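A quick write-up on the structure given underneath.
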Amino acid sequence: MAAELSAHHRRLAQKKREAITTAATELFLDRGYDGTSLARIAEAAGVSKSTLFKQFPTKAALFEAIVTESWQRDAGDGAARPRPGDLRAGLTAIGRRYADLVGRPGMAALFRIVIAELPRFPELGRMQFQLGKLPYFTSVQDYLESEHEAGNAEVPDAVSAANQFLGMIANYVLWPRMLLTDWNPAASDIDDAVEEAVRTMLARYAPSDRPGPKPGS
């Protein structure tokens, strides 16, 4: 019984946390970071101020959580590093995951908040970069470096390669959404964009000395 109650309380706390972060994101976007109080967020989320302050004692802590959770949303969904040895499969898995991540309306909203408030609150930009984009970018860089070291790819500059790959995808999936309110590409179009990015990477970084498949194999 105690275990069941504990699990119930954890689910309830998580539900309240999600309500808080959702309400905060919407209010930050609508009223600005500076124009949104924690009390107003608690009201919009349907929780008490004491509940909100218990989880997020400051507005900066709340924004930090929004950034971290937005970029790590797939961390518990089997998003392990692709198995080595198949550069095409690995890049395809990474690319589709990234397209799904940055294609969410919530991610576009997060970028809009940061861009709008950057002149007055540069720390929001630092949070977005250091807690969100940089760790994600580093994971892709690490994957490319490991494939290079194993001889499965020729990537002498993994930083540049990761920038190229993620940039090709974000340029189609995320950035038009920042300017075009009706930008909503079909899933097939996003898959095509990812596939084209993968092909470009393979043309540049696939090992050139690896023997091709034998005839008839």
Efficiency by 1/(1 + (r/R0)^6): what FRET value for Asp86 and Lys133, r their Cβ-Cβ distance, R0 = 30 Å, to the nearest 0.05? 0.70
So how far apart, in nm, are the two label points at Asp34 and Asp100 if each is 7 Å from Cα heading toward Cβ? 3.9
Ranked on Cβ counts within 10 Å of their own Cβ, fewest leading, Trp175, Trp71 go Trp175, Trp71
What FRET efficiency comes out for Glu196 versus Thr68 if R0 is 30 angstrom and r is the Cβ-Cβ distance? Round to the nearest 0.05. 0.45
A correct Stokes-Einstein calculation for the chain, using the alpha-carbon Kirkwood radius, 10 °C and 1.306 mPa s, returns a whole-number D in µm² s⁻¹ of 81
By how many degrees, between 0 and 90 and to the nearest 10, does the Cα long axis of helix 187-205 differ from the longest principal axis of the chain? 50
To the nearest 10 degrees, how steeply does helix 158-173 sit against the main Cα axis of the chain, on a 0 to 90 scale? 60
Each residue of region 147-154 in turn: what ³J(HN,Hα) in whole Hz from Karplus with 6.51, -1.76, 1.60 and θ = phi - 60°, glycine and Pro shown as x? 5, 5, 5, 7, x, 8, 7, 10
Please determine, in degrees from 0 to 90 and to the nearest 10, the orientation of helix 2-31 with respect to the longest principal axis defined by the Cα atoms of the chain, where the helix direction is its Cα long axis. 90
How large is the helix-only mean residue ellipticity at 222 nm for the chain, computed as the sum of -39500 (n - 2.57) over DSSP H runs with n ≥ 4, divided by its residue count, in deg cm²/dmol to the nearest 500? -22000 deg cm²/dmol
Any chance you could tell me what percent of the C-alpha pair distances in region 2-57 go past 13 Å? 58
How large is ³J(HN,Hα) for each residue in region 100-116, as worked out from phi by the Karplus curve 6.51 cos²θ - 1.76 cosθ + 1.60 (θ = phi - 60°), to whole Hz, x for Gly and Pro? 5, 5, 7, x, 5, x, x, 6, 4, 4, 5, 5, 5, 4, 4, 5, 5
Distance (nanometres) between label positions extended 7 Å along Cα→Cβ at Ala186 and Asp142: 3.8
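Where a number appears in this text, it was derived from the coordinates with a stated rule and is not lab data. Because the structure is a prediction, the values reported are computed rather than measured. Positions of Cβ are backbone-derived with ideal geometry, glycine not excepted, and every protein chain shown enters the neighbour counts.
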